[in-house]
Amino acid sequence: MDIHEILEHLPHRYPFLLIDRVLACEPGKAIHAYKNVTINEPFFSGHFPHHPVMPGVLIMEALAQAAGILSFRTMGEKPDASSVFYFVGIDAARFKKPVTAGDQLHLHVAIQRQMRGIWKYAAEARVDGEVVAEAELMCAKRNVA
């Protein structure tokens, strides 16, 4: 999926859209996407000016956005103004290496289960093949209108 398809499957926009491309997506199973981390990211000016590091919460958000695309593709739907896909939980989050400007953050998310509107995923972020972060994520689709 290119950026145009991603924009159709996520309600997020700059500066909070954290997916640049989807390399593979198997609805009902898993997704592999990536984000190019550049020095132009707005968070680098304050985190940290002397040693730019991508905040761990944004790595988790990028994984959640990949999970959102996977879920919408699995449901055969696209987001609209009447619903939102909320991030509702993170378990077993681990940060193994810092992510810095120039890295390509590969996002691997697999559906573990879906029950009563709650989706649970196994998520892992990698740079150059090395795991930099991992977690179990939970998301839920809710009507807002």
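The values are calculated or read from the model by the stated rules, or taken from the named source; none is laboratory data. Please read all numbers here as calculations on a predicted model, not as lab measurements. FYI the Cβ positions are ideal-geometry reconstructions off the backbone, even for glycines, and counts take in every protein chain you see.
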Among the residues of the range 4-20, how many are farther than 16 Å from Arg73 by Cβ and not acidic (Asp, Glu)? 6
Inspect all residues belonging to the range 77-85 and state whether any of them is under 26 Å from Arg113 (Cα atoms) and crowded, with 19+ Cβ neighbours inside 10 Å. yes
Those residues of the range 99-131 which are surrounded by fewer than 17 Cβ atoms within 10 Å (Cβ to Cβ), in a loop (DSSP other than H, G, I, E, B) and at negative phi amount to Thr100, Ala101
Since Val84 meets every condition but one in (1) modelled with pLDDT of 95 or more; (2) in a strand (DSSP E or B); (3) out of contact with any Ser or Thr (no Cβ under 9 Å at 6 or more places or on another chain), which condition does it not meet? (1)
Which one of Ala67, Ala33, Ala24, Ala62 is surrounded by fewer than 15 Cβ atoms within 10 Å (Cβ to Cβ), on the phi < 0 side of the Ramachandran plot, modelled with pLDDT of 95 or more and not in a loop (DSSP other than H, G, I, E, B)? Ala24
Regarding Lys29, is this residue over 18 Å from Ala125 (Cβ atoms), touching a helix residue (DSSP H, G or I) at 6+ places or on another chain (Cβ under 7 Å) and of a type in the set (D, E, K, R)? no
Going through the range 1-11 one residue at a time, which ones are buried (at least 16 other Cβ atoms within 10 Å of the Cβ) and modelled with pLDDT under 95? His9, Leu10, Pro11
Members of the range 39-50 found to be surrounded by 12 or more Cβ atoms within 10 Å (Cβ to Cβ), touching a residue at least 12 places away in the same chain (Cβ under 8 Å) and either in contact with a Gly (Cβ under 6 Å, 6 or more places away or on another chain) or over 15 Å from Glu61 (Cα atoms) (or both), listed by number: Phe44
So, of the residues in the range 132-145 that are of a type outside the set (D, E, K, R) and surrounded by fewer than 14 Cβ atoms within 10 Å (Cβ to Cβ), which turns out to be nearest to Ala67 (Cα to Cα)? Asn143
Looking at Glu77, Glu136, Glu130, which is the one that is touching an Asp or Glu at 6+ places or on another chain (Cβ under 6 Å) and either touching a residue at least 60 places away in the same chain (Cβ under 8 Å) or not basic (Lys, Arg) (or both)? Glu136
